[in-house]
Amino acid sequence: MAVDLKQRYRVLWPRSLIREIAVANILSALLPPGYRVLIVGLGAGLADEVEGWHRGLEDAFDLMVARVEERGVKPAAFIDVTGVHSDEEMVKTVEDGRGLCIGAWKLWKAERYGVLDRTWFCHVTANRVALRWLPAARAHGRRVNLVKGEKPYICIPAREWSDTRTFIRWLKTIEVG
């Protein structure tokens, strides 16, 4: 029987909200001139339950980094924020917490919408504000069923994740159009 993830995790949405806003604020302070971070995902930036599912690329990911131009904004990157509250919580996952896990369905969205090369995952350990970044195109790891009845997670060794500076450097190199 499939598990309704919205129902199972709605008590944790306030924690997700804190992670999303923290990442958005940190990025806002670090983005190069001409870029802006937008909270765009269905339910992102909210602590309350939102009915339905994303409609398309415009609301499939938590955050979008856009280049601001005279004629409007142009999407540069899409970010899905994930994570845990504490190191103790992470140890309960895989490899004693040395693997950072993302839902396989998050990678599927990037593939489905053809933005695998512009999607990043940001893993947050909230109690110490540790942000780790991974381009979706490098999200190859061990598939693990962490919770019975849920879709699999992809767990990537922590050493393969980067810091925020790596994301910012990458952003400065891409062509936005």
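No lab work stands behind these numbers, since they all come straight from the coordinates. The model shown is predicted, which means the values in this text are computed figures rather than measured ones. No Cβ is skipped: glycine too gets one built from the backbone with ideal geometry, and neighbour counts run over all protein chains shown.
Worth a mention:
- Each of Glu160 and Asp117 was given a label point 7 Å from its Cα along the Cα-to-Cβ line. The distance between the two points is 2.1 nm.
- Most to least packed among 156-164, 74-82, 168-176 [average Cβ atoms within 10 Å]: 74-82, 156-164, 168-176
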